[in-house]
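Every read-out reported here was derived from the displayed coordinates using simple, explicitly stated rules and does not represent laboratory data. What you are looking at is a predicted structure, and each value in this text was computed from that prediction instead of being measured. Neighbour counts are summed over all protein chains in view; Cβ atoms, including those assigned to glycine, are modelled from backbone coordinates with ideal geometry.
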Amino acid sequence: MDYSQIFHSVNINLLNNPTNKTHIVKDKILSLFSRLTTSQIRWIGVTVFFICIISFFTSLTTTRYHHEETLCLALNIYHEGRGEPKLGKYAIATVTLNRVASSNYPDSVCKVVYQRSYNQKLKRYFGGFSWTQDNIDDMPMEQIAWTDAYNIAKETYQGEQHAEELSDALFYHADHIKPYWIKKKPPIKTIGKHVFYN
């Protein structure tokens, strides 16, 4: 049986009779199944079943991935900006996501947060964010601060909220330190105790 001709016929009829789509589709589907053998119907059933299974597990995998990305972002907000004002926490989230979007950084939140770069001068690896290399337990202990960080992570990860003035920012540091790279980067804005740069 040439299935392509049947589906082509359905499409043509839909185009020619736009006001009677439901009736045409119903008749064509019934006509199609009336020509199928038992083995063909069984094969279609098995195929649909496996498509549903694959779709289900794909959906689970996607949901799990986004959940893990949100957790990584929340951890970064919590450890980097736990004592910062809300705008400062949004700023940290924005910089993290800007790095994900940049071709100069890894393409996922978790990879960006836990990225390591080798410093040729000091002959050792450094983390992109200091809390990832301090050998201290990363489990959030302050419930209110963690809830706040997680909610901000969800909002920014889903694109609902971000620090607009930092749309191009990729760097920041605490205002009590002076990293070597600030000589080549003019500051954009100071929020709380952090200075942000492009």
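Within the range 163-198, work out how many residues are part of a helix (DSSP H, G or I), over 18 Å from Phe129 (Cβ atoms) and under 27 Å from the mean Cα position of the chain (by Cα). Reasoning before the result, please.
Step one: filter the range 163-198 for residues part of a helix (DSSP H, G or I), giving 164-166, 180-184.
Keeping just the survivors that are over 18 Å from Phe129 (Cβ atoms) gives 164-165, 183-184.
Narrowing the set further to residues that are under 27 Å from the mean Cα position of the chain (by Cα) leaves 164-165.
Residues in the range 163-198 being part of a helix (DSSP H, G or I), over 18 Å from Phe129 (Cβ atoms) and under 27 Å from the mean Cα position of the chain (by Cα): 2 in total.
Could you say which residue among Lys111, Lys123 is out of contact with any Ser or Thr (no Cβ under 7 Å at 6 or more places or on another chain), on the phi > 0 side of the Ramachandran plot and not polar (S, T, N, Q)? Quick ask: steps written out before the conclusion?
Values: Lys111 fails: on the phi > 0 side of the Ramachandran plot.
Only one candidate passes the filter, namely Lys123.
All but one of (1) among the small types (Gly, Ala, Ser); (2) touching a Leu at 6+ places or on another chain (Cβ under 8 Å); (3) farther than 20 Å from Cys72 by Cβ hold for Ser167; state the number of the condition that does not hold.
(2)
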